[in-house]
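Working notes, beginning with the structure itself.
Please treat every number below as a calculation from the coordinates, not as lab data. Note that the coordinates shown come from a computational prediction; the quantities given were computed from them, not determined experimentally. Methodologically, a virtual Cβ is constructed for each residue, glycine included, from the backbone with ideal geometry; neighbour enumeration extends over all protein chains shown.
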Amino acid sequence: MKGARSLEMSRLDPPFLYPSFVSSTMWLCLHMVLKVIELLVYQEKYDLIGVHSAREFVWWYNGHPDGKNLSPDLKSTDTAVILGQGNVALDVARILLRPTEELATTDIASYAWTALEGSSIRKVYLVGRRGPVQAACTAKELREILGIKNLYVHIREDDLIKSPTDEEEMKNSRIQRRVYELLSKAAASASSQPMLGQRELHFVFFRKPDSFLESNERSGHVSGVHFEKTALKGGGPGKQYAVGTGEFEDLDCGMVLKSIGYKSVPVNGLPFDNHKGIVPNIRGRVLKNISGDSSQVENGLYVCGWLKRGPTGIIATNLYCAEETVASISEDLEQGVLASSSGLPKPGREGLLQLLDNRNVRPVPFSAWEKIDSEEKRLGSLRNKPKEKLTTYEDLLKVAT
Ligand code: NAP
C-alpha cells in the first residue's frame, strides 16, 4: 500500500424528472425540477482509480446515456468493497455476483453484460457502519441476493449479538426484524469455508470508512479501504449511531463502490430544510419556511418525491407520494386557490410547451417514450431479452421522433 487518501463521502440526489404537467401551476413544479437539475453539482471526487459511486455504476449497467462511459475495471481484481448496506448497495452487489448466464436474459445493457462476463471479481464485501439490526436494506431485496445460486455468504457470528436496545428496535420494526432474521439464517446455514470457484458475499458490520489506500504496484489505483471499528451509542431504539472505537483495520480490494445514500441540494430562492434535505411542505404544498406552520403556504408551488420526503422508499412509496401531491393540487384547483389574479384563463399545457420551446428544451412526450419502449422491446426480442436498451441520447431521440 502506498498511502491513504481521505474520503469524500458526499451524498447527492440524482435528477429525476416527473412527466405529465397539466396546468400553469404545474409548470412551477417543472421549473423547480429543472432548476434542481441545472444546479446539481456532482461533487464526488474519484481521487483513486477504481473508486466509483454506486449511482454511476447503476447508470452504467442500466444503459443510462450519462453512465455508459464509466467502463469500470472488473478484470484487475477479485475483490470489490461496497460502502453502505442499503438497497442500492445490494443491487450493485447482486450484479457483481449473479451468474452472467442469468443476467443475459435481463434488460441489462449489452456492453455491461460483456464486461461482467469477463469480470474476475469473486468476492464482494458489503460494509455497514452499524449492526445487522440497523442494515438499511429491505427483506425482499436481501432475500434476492441471498438466493443467488452457488454463493458463499459470510457473516461473523459476533456481529449478530443483539443489545437490549437492538431488541427494542426490532420489536418496533417488522422490516428490521425480517432483515435480521434473514441475516441470522444465512449465517447459520453457511458452510465454514467457500468451495473452490464459489463466489463470496461478506457482510461486514461495525466498520466506518476512514480512507482509501493506494496501490504500491499500480500508482493512482485503489488497493483497499482503511476502516475504523465502531460501536453503537445513545439515542435509544431507532436512534443508535455509530462511533469510532479508535481501532482500525484494512480491507484489500481493487474496486470500491460508495453507496451511502443521497441528499437533495437546495435550490436558489426556494425554501429548504438543510437538516432533513427536503423542501418543507405539507402533503406536497410547499411552505414558506421550515416552521411547519400550515398557514405559510407558497400558493401554487408543490413538491413530490425525494425532495418532498427525503431519499427513502421503494417504487410504490413514490406512487403514493405523487398521488398525495396531486390530490393537494386538485383540492386547491377546486377551491379556487390557484385562480389567476388577472381573471384571465391560465395558459395550461400550451403555456408549458411554449415555455419549454422558449428555453430550447425539447420535451419527450409519453407517446414518444412509448416508441422508445417498443423499439427496445423489439431489439430485445432478437436477443432473448425483455429489452435491449438504447444507450445514447442520439439513438433515443431518433426513435422518439
Ligand atoms: P440508504 O437506504 O439510505 O442506505 C445508505 C447506506 O449508507 C446505509 O447503510 C447507511 O448507514 C450508509 N451510510 C450513510 N452515510 C454513511 C457514511 N458517511 N459512512 C458510511 N456509511 C454511510 O440509501 P440507498 O441504498 O442509496 O437507497 C436510497 C433509497 O432508494 C432507499 O429508500 C432504498 O430503499 C431505495 N431503493 C429501493 C430499491 C428497491 O425498491 N428495490 C432499490 C434501490 C434503492 P446508516 O444506516 O448507518 O446511515
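Quick notes on this one:
- For the chain: relative contact order, % (alpha-carbon pairs under 8 angstrom, 6 or more apart): 21
- Per residue of the chain, the DSSP helices (runs of n ≥ 4 H) give a summed -39500 (n - 2.57) that works out to -10500 deg cm²/dmol at 222 nm.
- Rg/Rh ratio calculated on Cα atoms of the chain (Kirkwood radius): 1.00
- Residue-normalised convex hull volume from the C-alpha trace of the range 254-305: 97 Å³ per residue.
- Dipole axis of the chain (+1 Lys, Arg; -1 Asp, Glu on Cβ), positive-most option in 241, 67, 182: 182
- Applying Stokes-Einstein at 20 °C and 1.002 mPa s to the Kirkwood radius of the range 226-335, computed over alpha-carbon pairs, gives a translational diffusion coefficient of 126 µm² s⁻¹.
- Environment charge at residue 59 (Cβ cut-off 9 Å; Lys +1, Arg +1, Asp -1, Glu -1): 0
- Amide H within-cut-off set for residue 130, under 5 Å, with H built and near neighbours excluded: 206, 207
- Coordinate range of the alpha-carbon atoms in the range 75-162 per principal axis, descending: 43, 28, 22 Å.
- log10 of Debye I(q)/I(0), alpha-carbon scatterers only, for the range 344-401 at 0.17, 0.26 Å⁻¹: -0.65, -1.01
- The string of couplings for the range 254-270 from the Karplus curve (6.51, -1.76, 1.60, θ = phi - 60°) is x, 8, 10, 10, 8, 10, 10, x, 9, 9, 5, 10, x, 10, 3, x, 9 Hz, one whole number per residue in order, with x for Gly and Pro.
- Mean Kyte hydropathy of -0.5 or more with a Cα span along the axis of at least 18 Å, helices from DSSP in the chain: 24-39, 174-189, 315-334
- Summing +1 for each Lys or Arg and -1 for each Asp or Glu among the other residues whose beta-carbon sits under 15 angstrom from that of residue 382 gives +2.
- Between 286, 81, 124, the residue with the greatest mean-square fluctuation in the GNM of the chain (Cα pairs under 10 Å linked by springs) is 286.
- Karplus (6.51, -1.76, 1.60) ³J(HN,Hα), θ = phi - 60°, over the range 338-347, in Hz, Gly and Pro reported as x: 9, 4, 5, 5, 7, x, 7, x, 7, x
- Positive dipole terminus of the range 250-359, leading residue within 268, 289, 351 (C-beta point charges): 268
- Going from the fewest other Cβ atoms within 10 Å to the most, the residues 259, 192, 328, 184 appear in the order 192, 184, 328, 259.
- Directionally averaged shadow of the range 289-401, computed from the convex hull of its alpha-carbon atoms, nm²: 10.9
- Value of D in µm² per second that Stokes-Einstein yields for the range 130-180, Kirkwood Rh from Cα pairs, at 10 °C (1.306 mPa s): 134
- For the range 209-273, the fraction of C-alpha pairs farther apart than 15 angstrom is 69 percent.
- Over all directions, the projected convex hull of the C-alpha atoms in the range 331-371 averages 4.4 nm² in area.
- Put a plus charge on the Cβ of each Lys and Arg, a minus charge on the Cβ of each Asp and Glu, and nothing anywhere else: the dipole of the chain about its Cα centre is then about 280 debye.
- Cα centre as origin, Lys/Arg/Asp/Glu Cβ charges: the range 332-373 dipole, Debye: 200
- Percent of beta bridges antiparallel (DSSP, the chain, rounded to nearest 5): 50
- This model, with +1 at the C-beta of Lys and Arg and -1 at the C-beta of Asp and Glu, gives the range 73-199 a dipole about its Cα centre of some 160 debye.
- Leading residue at positive end of dipole, the range 173-309 (Cβ point charges), from 206, 280, 222: 280
- Cα-based equivalent ellipsoid, the range 107-207: semi-axes from gyration tensor eigenvalues, Å: 28, 16, 12
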